[in-house]
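The values are calculated or read from the model by the stated rules, or taken from the named source; none is laboratory data. Note that the structure is predicted; figures quoted are calculated from it, not measured. Because the Cβ atoms are built from the backbone with ideal geometry, glycine has one as well, and the counts that use them run over all protein chains shown. For the accessible areas, the whole protein counts, side chains as well, though only heavy atoms, and no ligand, DNA or RNA atoms are used. Shrake-Rupley method; radii C 1.70, N 1.55, O 1.52, S 1.80 Å.
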Amino acid sequence: MKSLIRSLCVSILGLLASVPSFADLKVATSLSDLASVAQFVGGKHVTAQSLCPGYADPHFVPAKPSLMNAIQHADVFVSTGLELDAGWLPLVLPGSRNPNIQQGAKGFVDASDGITVLEKPTGTVSRAEGDIHPLGNPHYYADPKNLEIVASHLADVFSRRDPANAAEYAANAKAFQERMESSLAKWEKAMAPYKGASIVTYHPNFVYFADRFGLKLFGTVEPKPGIPPSPHYVNELAESMRKAGVKVVVYQPYYNADPNEQVAKRAGAIAVEVATEAGGLPGNDDVFAKFDVLVSSVAGALSGKSGGAR
Amino acid sequence: MANSIGEEGFKDAGLEAAWLTPLPWFAELTGGVYQGIGVDDDHPLDFGSSRHDNVPFLGHFKNQFDLNDATTLELGQSFIQGRGSDADLHNAFGADLTIRNVPLKNANRRGWILMGEYLQKGSRVGGAYHQEQHGGYASFQVRLSQVWWMGVRGEQARDCTTDFLFDGAVPGKVTRGSVNVAWMPSEFSFVRLEYSRANADDGHGAKPTDDRIMAQLSYTIGYHPAHAY
Ligand SMILES: [Zn+2]
């Protein structure tokens, strides 16, 4: 028993000793895109980690105690904001017992600050409309321009937490924005032939993407946010797509492929699995790769040539 | 369990503190002291002594490990003790095990939960420990789709006098098995149906059985609640 206690003490001391040096900022986020941006902006002074991998649904992250453990020593927590993480973050943050990153503390960041929010509901939100986002559409990270806003916001936050490296954070954010701008020019060129084309998405998480690249959103495979479609609804949607000549259905890896495939099949369209979050599919590990893959999948599907990533 | 000894039965005035230990897994130690309250429907344990040294306390140790990306193992131990109206020490301890699977890619469509718990009540009179009621349950719930869940559950309580099957005088054994199905059309509502059958045995020849059908309907209005894991 004594030796067990001793070895336990030794391992606890070992753990305390392994806490990284103070020059580094430990950043945790509720979305993989935000971790990717944080890593670009923070460079070598930051380790950024997302509690939600890109292939998991950012609305429904299981509030596992291990997530609370993971952020126990975080210096900064970056929330997507607009209640995208409202289903799990209110349990995980207090569960971490980390006073630095609680809502309202200096280490808590709402990444939606400064974003022009689309689809803000007017009037009261009723439950009859499904699991609607009451503060507006939180899937703003599907527009490259919005990630530029996040980058400069994070540079400010990191500089305040770690003033010694402020110049580096500002320079990294600027480099990120420049790279995003030149990439955007390339993506806009790839999407230009499809301006005005209509697509169907599983969930309303393409609103910002469509807005940026001039696509029309014909409808969603889920009849209301968070509600799976009935066979009747699938038929109706496919029928109206057929009449309107809509040829593309897109859905994320964390949605059930079946209803998307059914709608597409009945409408004579194609269903494409695409990732709107970094790390959602192989080969899109950061936000630039994400848009590379996303743009080529959507453009490929609209050209009628490609089934996209799948 | 109709006569379960939960922390729920004990949420009265008191002081509670939880400490997340620096262990590499999630290990949380909770301790609390409470006001002594006698046994009633809401408080299945008698801590009602008016002795000034009666300070009922509770300790809970919760451990949770990730077995892989999707599966977690949770182990817990609880202990509570206080003085009863009879001035003797009364206590209860429990041990629970939960294995939960939530595949990250299908977090709101698939998964299962295996749970088991053992509870024992006892008292210490004149230095000797007397085991009173004890029992446990095991359950398995599986998510078939975004809207359908089903499950089975078995439980047994021994030396139990508080279940409806006994008139209160003779302690006996109650075994119950149940199956349930739940339909959850949205984040805000569910309908749950359960059928259960119980056998009792008082050890003196009385072996009544009991069949129940339960329907439960729930509708949440207003703010989207966070989902407990
Ligand atoms: Zn959404």
By residue number, the members of the stretch A:178-199 that are surrounded by 18 or more Cβ atoms within 10 Å (Cβ to Cβ) and of a type outside the set (A, V, I, L, M, F, W, C) are A:194, A:198
In the set B:61, B:47, B:79, the lone residue that is more than 14 Å from every other protein chain (Cβ to nearest Cβ), touching a residue at least 24 places away in the same chain (Cβ under 8 Å) and within 21 Å of the chain's Cα centre (by Cα) is B:47
Practice problem: Confirm whether residue A:90 is within 14 Å of chain B (Cβ to nearest Cβ) and within 16 Å of the ligand (Cβ to nearest atom). | Solution: no
Residue A:169 meets each of (1) out of contact with any Pro (no Cβ under 9 Å at 6 or more places or on another chain); (2) within 16 Å of the ligand (Cβ to nearest atom); (3) among the hydroxyl-bearing types (Ser, Thr, Tyr) with one exception, condition (2)
Residue count, the stretch A:98-135, condition modelled with pLDDT under 90 and more than 16 Å from the ligand (Cβ to nearest atom), comes to 5
So, first residue in a strand (DSSP E or B) in the stretch A:214-227, second residue of a type outside the set (Val, Ile, Thr) and within 16 Å of the ligand (Cβ to nearest atom), Cβ within less than 6 Å, six or more apart or across chains; the pairs are A:217/A:210; A:220/A:204; A:224/A:129; A:224/A:130; A:227/A:130; A:227/B:186
Conditions (1) within 16 Å of the ligand (Cβ to nearest atom); (2) over 22 Å from residue B:26 (Cα atoms); (3) in contact with a helix residue (DSSP H, G or I) (Cβ under 9 Å, 6 or more places away or on another chain) -> residue A:24 fails only (1)
Taking the stretch A:229-276 and keeping only residues that are part of a loop (DSSP other than H, G, I, E, B), open to solvent by less than 40 Å² (accessible area, probe 1.4 Å), out of contact with any Lys or Arg (no Cβ under 7 Å at 6 or more places or on another chain) and within 14 Å of chain B (Cβ to nearest Cβ), one is left with A:229, A:252, A:255
Scanning the stretch A:58-92 for residues that are farther than 17 Å from residue B:187 by Cα and open to solvent by less than 10 Å² (accessible area, probe 1.4 Å) gives A:65, A:71, A:74, A:76, A:77, A:78, A:79, A:80, A:81, A:92
(Q) Please determine whether any residue of the stretch A:171-186 is assigned to a loop (DSSP other than H, G, I, E, B) and either at pLDDT below 95 or closer than 23 Å to residue A:78 by Cα (or both). (A) no
Within the stretch A:49-82, the residues that are more than 7 Å from chain B (Cβ to nearest Cβ) and over 22 Å from residue A:284 (Cα atoms) are A:67, A:70, A:71, A:73, A:74, A:75, A:76, A:77, A:81, A:82
Residue A:149: passes all of (1) under 21 Å from residue A:118 (Cβ atoms); (2) β-branched (Val, Ile, Thr); (3) over 19 Å from the mean Cα position of the chain (by Cα) but (3)
Item to complete: Return yes or no: is residue A:184 within 16 Å of the ligand (Cβ to nearest atom) and more than 21 Å from residue B:108 (Cα to Cα)?
Response: no
Exactly one of A:146, A:172 is under 30 Å from residue A:45 (Cβ atoms) and open to solvent by 30 Å² or more (accessible area, probe 1.4 Å), and that one is A:172
Of the residues in the stretch A:200-223, those that are open to solvent by 20 Å² or more (accessible area, probe 1.4 Å), within 20 Å of residue A:149 (Cβ to Cβ) and away from the ligand (no atom under 16 Å from the Cβ) come to A:212
Flagged in the stretch B:20-44 as within 14 Å of chain A (Cβ to nearest Cβ), free of Cβ contacts under 8 Å to residues at least 12 places away in the same chain and outside any loop (DSSP other than H, G, I, E, B), in numbering order, are B:20
Residue B:101 meets each of (1) of a type outside the set (Gly, Ala, Ser); (2) closer than 24 Å to residue B:83 by Cα; (3) within 14 Å of chain A (Cβ to nearest Cβ) with one exception, condition (2)
For the stretch A:137-152 the number of residues that are more than 16 Å from the ligand (Cβ to nearest atom) and more than 14 Å from residue A:183 (Cβ to Cβ) is 3
* Asked: Residues in the stretch B:80-89: is at least one under 19 Å from residue B:14 (Cα atoms) and open to solvent by 70 Å² or more (accessible area, probe 1.4 Å)?
  -> yes
Across (1) under 24 Å from residue B:213 (Cα atoms); (2) modelled with pLDDT of 95 or more, residue B:147 clears everything bar (2)
